[in-house]
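Each remark here refers to the structure printed beneath this line.
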Amino acid sequence: MNPWVLMTLWYDVGVKYMSKMIDTMIAEAELVKRDPTSLNIDSELWREVKKMAIDKGVTATEYLEQALREKLSKDKSTCK
């Protein structure tokens, strides 16, 4: 197959994928209202959170939000 055809196909797939990903990120951002906050977190813990977020391909904010949601859900079920 002609290399130009392959490159064009690869580009089209990449553009479509990135466009879908960006649309999803914008939609999610519009659904969640976020309040800026300031927390004092243990330095080593924060370093681990940032590393894990990178490994998971999410932001530290997304990683912490998920962890907090899971903890709240667990605590709510035991407080009944």
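The values are calculated or read from the model by the stated rules, or taken from the named source; none is laboratory data. Worth saying up front: this structure is predicted, and the values here are computed from it rather than measured. Every residue, glycine as well, gets a Cβ built from its backbone with ideal geometry; the counts of neighbours run over all protein chains shown.
For region 33-54, name all the residues that are assigned to a helix (DSSP H, G or I) and more than 24 Å from MET21 (Cβ to Cβ). Don't jump to the end; show me each part of the working.
First pass over region 33-54, keeping only residues assigned to a helix (DSSP H, G or I): 43-54.
Across region 33-54, the qualifying residues are SER43, GLU44, LEU45, TRP46, ARG47, GLU48.
If VAL5 satisfies every condition in (1) surrounded by fewer than 10 Cβ atoms within 10 Å (Cβ to Cβ); (2) under 17 Å from the mean Cα position of the chain (by Cα); (3) part of a helix (DSSP H, G or I); (4) modelled with pLDDT under 90 but one, which is the exception?
(2)
For region 36-46, name all the residues that are of a type outside the set (A, V, I, L, M) and farther than 25 Å from MET25 by Cα.
The answer is ASN40, ASP42, SER43, GLU44.
Mind listing whichever residues of region 55-80 are of a type in the set (S, T, N, Q) and within 20 Å of ILE22 (Cα to Cα)?
At the first step, the residues of region 55-80 found to be of a type in the set (S, T, N, Q) are 59, 61, 66, 73, 77-78.
Within region 55-80, THR59, THR61 qualify.
If you go through region 49-66 one residue at a time, do you hit one that is surrounded by fewer than 10 Cβ atoms within 10 Å (Cβ to Cβ), out of contact with any Ser or Thr (no Cβ under 9 Å at 6 or more places or on another chain), at pLDDT 85 or above and not β-branched (Val, Ile, Thr)?
To start, the set of residues in region 49-66 that are surrounded by fewer than 10 Cβ atoms within 10 Å (Cβ to Cβ) comprises 55, 57.
Applying the additional criterion that residues be out of contact with any Ser or Thr (no Cβ under 9 Å at 6 or more places or on another chain) yields 55, 57.
Those left that are additionally at pLDDT 85 or above: 55, 57.
Of the ones still in play, those that are also not β-branched (Val, Ile, Thr) are 55, 57.
Within region 49-66, one or more residues are surrounded by fewer than 10 Cβ atoms within 10 Å (Cβ to Cβ), out of contact with any Ser or Thr (no Cβ under 9 Å at 6 or more places or on another chain), at pLDDT 85 or above and not β-branched (Val, Ile, Thr).
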